[in-house]
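Every read-out reported here was derived from the displayed coordinates using simple, explicitly stated rules and does not represent laboratory data. If you're wondering where the values come from, they're calculated on a predicted model, not measured in any experiment. No Cβ is skipped: glycine too gets one built from the backbone with ideal geometry, and neighbour counts run over all protein chains shown.
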Amino acid sequence: MKKIFLFLFLSIPVSTFSQSRAMCNISEKFEDAFTMVFYYSTLKMVIPEDNKELKELIYGIEKIKMLRIDDENGLLSNADIVNIKADLTRDNYEEGLSMRMGGKNTLAYIREKNGTMKGLFILISEEASLTIFDLIGEIPIDKLFTLTKEIEMLTENAIIIK
């Protein structure tokens, strides 16, 4: 009995850092979309040794799930966007950033606890695609664009390889 209680007790923290409800629902709806998952250990392996700034940046990241929906998969409807925002609200995310730049519209939602960022959900829409990032962990907000650019380069390389 004590072993069962200990197992349940130890598994509670793991469940508190799961992907957002929004990402789970989108992943189910768009099963055929291009998906990548990066853990801290994975990110550490793909970053060049001489890029110390980026290595420091990813230190607080536990997991990043990326989903890319292209026209051939069917883009999100307005109802999907409403559902995403509702899911994010239920998961205690707040809209943190809305930006247009270079033909891309970016929306970022942040989940904080006691002044520390615990999660980040980013929607990047372009003319024919939508890219979604669901980050679990901590990252300095002022370094967000650096990380996004690096991950976009990794995913573009993976799409070319695919």
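Under 14 Å Cα to Cα from LYS55, which aspartates and glutamates show up? Leave out anything in the same chain fewer than 8 places away.
GLU138, GLU150
When Rg is the radius of gyration of the Cα atoms in segment 17-161 and Rh is its Kirkwood radius, what does Rg/Rh come to?
Rounded to two decimals, Rg/Rh equals 0.94.
Just to be sure I understand the model, the point goes 7 Å from the Cα along the line to the Cβ. What's the resulting MET101 to GLU127 distance in nm?
Result for the modelled spin labels: 2.1 nm.
Anything over 24 Å Cα to Cα? Flag those among LYS52/LYS149; LYS63/LYS85; LYS52/LYS104; LYS29/LYS113; LYS44/LYS113, in the order listed.
Too far apart for the 24 Å limit: LYS52/LYS104; LYS29/LYS113; LYS44/LYS113.
So, by mean Cβ neighbours within 10 angstrom, what's the order for 83-96, 57-70 with the highest one leading?
Going from most to least packed, we get 57-70, 83-96.
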